Amino acid sequence: MAAWLAWVIAAVLLAVGEIFTPGLFFLGPVALAAVVAALAAVAGAAVWLQLVLFATASFASLGVLRPIARAHLRMPPALRTGTAALEGAHATVLRRVDAHDGLVRIGGEEWTARSYTPDQVFEPGTQVEVAKIEGATALVYQ
């Protein structure tokens, strides 16, 4: 078997392994290193040079790409956007909120609302907290 083909097969297997191990981001950078070695094999490099390039590219990609990927996995709550940023926000009840209907003001915007627990009822002027957003409706609690 040609050396480049062996490297390509190794890269594909490592990439598939990365898909089945989410969150670790270990096999992906090594798969990239296998691609580097495959390119060296296509260029006619000796096997020892292919191995050196593979090892060097593995260490380099793990040292550079893995910390970046892991930092993106841990997004702090302050950077949440969209409706996810509204969870935990304080709201003021504008129209009676119960298990079926209601209206609240969240940060200057009016949102339809329901109580998070079906037995709670909030009268206008009550301060509540947003538990979560479902579609265009805020589920609130006190």
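Structure summary
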read-out: Thr56 under 16 Å from the mean Cα position of the chain (by Cα), of a type outside the set (A, V, I, L, M) and not assigned by TED's automatic domain parsing to the domain that holds Ser115; value: no
read-out: Segment 22-47: number of residues that are out of contact with any helix residue (DSSP H, G or I) (no Cβ under 6 Å at 6 or more places or on another chain) and either in contact (Cβ under 8 Å) with a residue 24 or more places away in the chain or within 21 Å of Ala60 (Cβ to Cβ) (or both); value: 8
read-out: Leu73 vs. criteria surrounded by 14 or more Cβ atoms within 10 Å (Cβ to Cβ), out of contact with any His (no Cβ under 7 Å at 6 or more places or on another chain) and within 30 Å of Gly135 (Cα to Cα); value: no
read-out: Residues located in segment 1-25, provided they are closer than 29 Å to Ala71 by Cβ, surrounded by fewer than 14 Cβ atoms within 10 Å (Cβ to Cβ) and among the hydrophobic types (A, V, I, L, M, F, W, C); value: Val12, Leu13, Val16, Ile19, Phe20, Leu24
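The values are calculated or read from the model by the stated rules, or taken from the named source; none is laboratory data. Here the structure is a predicted model, which is why all the values come from computation and not from measurement. Methodologically, a virtual Cβ is constructed for each residue, glycine included, from the backbone with ideal geometry; neighbour enumeration extends over all protein chains shown.
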